[in-house]
Amino acid sequence: MSTANPAPLPSVQKETALRLVDGTINQLAVQRDRSHITTRSHLTRLRHRLAAPGSSRAVLAHLMLSLGLVSPPPPPGGAPEFTDAESLLMGAVAQHSQDDVIAAACDMSTAALRRHITELCAKTGAADRAHLVALGHAWKILEPTRALTTEPTSAGAVR
């Protein structure tokens, strides 16, 4: 998929996007007295606005950061040392929505993938996959990209 520079986001979508990349999206509904359904609806609108329906939150964050619609959050310090496998994993999470595709890109099982993502989030202080991607942008580990690959959603897709 290729997306031209879209117009700035409306304020409610911008807030949702900022919360997505700073790792506080799960607290948004409670803090703003919104339902979780409303927050999911805003994420769905963002996906459609950016021609990325079915993308995971991490892929959506990567796309918004790449397009400059939001800025990455301030990182919690300097970038940790990453192994080649961790850098590959971070890139795969940013570009693919489904665990089986991410696992295949990293040459590991889906069970190992989930364990490695949990370990990488702990190492970086990321709240979730989208926040991990945002930190990757903040540390300049992930490069902005204009063309992203998304897979059709399935029951196993991660949101």
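So the values come out like this:
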quantity: Near pairs, Cβ below 9 angstrom, 6+ apart or cross-chain, from region 114-138 (without any contact (Cβ under 8 Å) to a residue 40 or more places away in the chain) to any residue that is open to solvent by 30 Å² or more (accessible area, probe 1.4 Å) and of a type in the set (D, E, K, R); calculated: 116/86; 117/129; 119/86; 120/86; 121/128; 121/129
quantity: Matching residues, region 92-147, being modelled with pLDDT of 95 or more, more than 23 Å from residue 24 (Cα to Cα), open to solvent by less than 40 Å² (accessible area, probe 1.4 Å) and in a loop (DSSP other than H, G, I, E, B); calculated: 106
quantity: Output for region 65-91, where each listed residue is surrounded by 20 or more Cβ atoms within 10 Å (Cβ to Cβ) and of a type in the set (A, V, I, L, M); calculated: 65, 69, 70, 89, 90
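Matching residues to (1) touching a residue at least 12 places away in the same chain (Cβ under 8 Å); (2) closer than 19 Å to residue 135 by Cβ:
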residue: 14; (1), (2): yes, no
residue: 65; (1), (2): yes, yes
residue: 74; (1), (2): yes, yes
residue: 88; (1), (2): yes, yes
residue: 95; (1), (2): yes, yes
residue: 98; (1), (2): yes, no
residue: 105; (1), (2): yes, no
residue: 110; (1), (2): no, no
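The values are calculated or read from the model by the stated rules, or taken from the named source; none is laboratory data. Worth saying up front: this structure is predicted, and the values here are computed from it rather than measured. Positions of Cβ are generated from backbone atoms using ideal geometry, with glycine treated the same way; all protein chains shown enter the neighbour counts. Only protein heavy atoms, including side chains, enter the accessible area calculation; ligands, DNA and RNA are left aside. Shrake-Rupley method; radii C 1.70, N 1.55, O 1.52, S 1.80 Å.
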